[in-house]
Amino acid sequence: MQSYLVTGANRGIGLEFCRQLAARNEEIFAVCRTSSDELAALDVTVYDGIDVNDPVALEPLALELDCIDIDVLIHNAGSYERADWDELDEEAFAAAERMFRTNALGPLRLTRAFRDNLYENSKIAIITSLMGSMTDNGSGGSYGYRMSKAAVNAAGVSLARDLASRTISVGMLHPGMVATDMTGGRGISVEESVRGLLARIEELGPENTGRFWHQDGRELPW
Ligand SMILES: NC(=O)c1ccc[n+]([C@@H]2O[C@H](COP(=O)([O-])OP(=O)(O)OC[C@H]3O[C@@H](n4cnc5c(N)ncnc54)[C@H](OP(=O)(O)O)[C@@H]3O)[C@@H](O)[C@H]2O)c1
């Protein structure tokens, strides 16, 4: 049995991580702002009231998990607010700041909060997006979201370098376009996406730390 901490566990991809991991009898710390009936029905330990932007909310959780080893830290919580070229008003800039805090600083802040729970061979999976890739950006737009995911990719590479001496590996993982609230239900199923993501986490180790993968196994360009 391995221990997993999953953020954004109440719905979407995070909930499906909890479902598939619970079916494997793993130990799951399910972190969210507000729990859901679906999450409560699973054999997981739920920690709600946790906004990944809020250092004050993270403190009691870090204390509660003090001395507990985390094998895999899954940074899944994320938000998307569309803002294209002709929509860049002050509200779009405010939305970009919110996304930067949640999507880029959130994973870094949590990794820092749980640094002593990670140990030799622990893994960190950052659920990022191909929309953070410069090379893949053929359509423009989505300024704040693209910037926030590029920023978390940069943070993930630095974490991979800084934690390598502790044999902690970091993977940046794109889930595909997945049918969740974020996409208005368009895309592949959460079941398929999370099966792939868990396979990539399985393969993650010191030999491939700090790289960017599609859930289907393809390595992605920055
Ligand atoms: N769906 C896709 O096609 C797709 C593609 C590429 C990447 N991704 C990434 O995959 C991850 C999961 O996305 P999803 O499709 O499952 O989205 P979703 O259905 O919209 O779920 C987002 C999750 O993140 C949580 N969250 C958002 N802001 C948070 C905050 N400040 N603090 C704590 N939790 C917060 C939400 O909690 P609440 O319920 O409290 O709002 C929810 O649990 C995200 O990082 C997203 O960027 C998704």
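Number of residues in the stretch 139-182 that are crowded, with 16+ Cβ neighbours inside 10 Å, of a type outside the set (Val, Ile, Thr) and outside any loop (DSSP other than H, G, I, E, B): the value is 21.
Yes or no: the stretch 154-176 includes at least one residue that is free of Cβ contacts under 8 Å to residues at least 12 places away in the same chain and in contact with a helix residue (DSSP H, G or I) (Cβ under 7 Å, 6 or more places away or on another chain). No: zero hits.
Of all residues in the stretch 169-181, those satisfying the criterion of being within 10 Å of the ligand (Cβ to nearest atom) and closer than 23 Å to PRO221 by Cβ are LEU173, HIS174, PRO175, GLY176, MET177, VAL178. Quickly run through the stretch 103-138 and pick out the residues that are of a type in the set (A, V, I, L, M), in contact (Cβ under 8 Å) with a residue 60 or more places away in the chain and part of a helix (DSSP H, G or I). Result: LEU110, LEU130. For beta carbons closer than 7 Å, sequence separation of 6+ or different chains, a first residue in the stretch 199-222 that is charged (D, E, K, R) and a second that is part of a strand (DSSP E or B) and exposed (fewer than 14 other Cβ atoms within 10 Å of the Cβ), the qualifying pairs are ARG211/GLU219.
Across the stretch 183-204, the number of residues qualifying as surrounded by fewer than 19 Cβ atoms within 10 Å (Cβ to Cβ), of a type in the set (A, V, I, L, M, F, W, C) and within 14 Å of the ligand (Cβ to nearest atom) comes to 1.
Coordinate-derived values only; no laboratory data. Bear in mind the structure is a predicted one, so any value in this text is a computation, not a measurement. Heads up, the Cβs are rebuilt from the backbone with ideal geometry, glycines too, and the neighbour counts pull from every protein chain shown.
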